[in-house]
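Notes for the one structure printed next.
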Amino acid sequence: MGIRVDIDVMLAKRKMAVGELSEKIGITPANLAVLKNGRAKAVRFTTLEALCRELACQPGDLLVFEPDED
C-alpha cells in the first residue's frame, strides 16, 4: 500500500468538517477528498504544512506507512 494520509481521525478529534478544512487550507473539497480517501499519489509539503497548522498536529499524525503484502 505504501504511505496513507489519515485525515479522518484528526478531523474527528477537532470536530471539523471536510469543507471547513479545505477552505482553511486553500484547496478544493475534491482535492482534499482525494487525500482523505487514499487516492493521492503525492502530497505537497505546503499542503502538509497547512494541514498540520489547521489540525494542530505533526506530519506523523497524518501519514501512515502500510507495507505491501508480498
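Candidates in region 1-22 are the residues that are among the acidic types (Asp, Glu) and in a helix (DSSP H, G or I); of these, the one that is surrounded by the most Cβ atoms within 10 Å (Cβ to Cβ) is Glu20.
Here Val34, Val64, Val43 are screened, and the one residue that is surrounded by 13 or more Cβ atoms within 10 Å (Cβ to Cβ), hydrophobic (A, V, I, L, M, F, W, C) and in a strand (DSSP E or B) is Val64. Every condition in (1) at pLDDT 95 or above; (2) loosely packed, with under 10 Cβ neighbours inside 10 Å holds for Ile25 except the one numbered (2).
Looking across region 1-58, just one residue is among the β-branched types (Val, Ile, Thr), in contact (Cβ under 8 Å) with a residue 24 or more places away in the chain and farther than 30 Å from Glu69 by Cα, and that is Ile25.
The values are calculated or read from the model by the stated rules, or taken from the named source; none is laboratory data. Everything numeric in this text was worked out from a predicted model, so none of it was measured. As a convention, Cβ positions derive from the backbone with ideal geometry for all residues, glycine included, and neighbour counts pool all protein chains shown.
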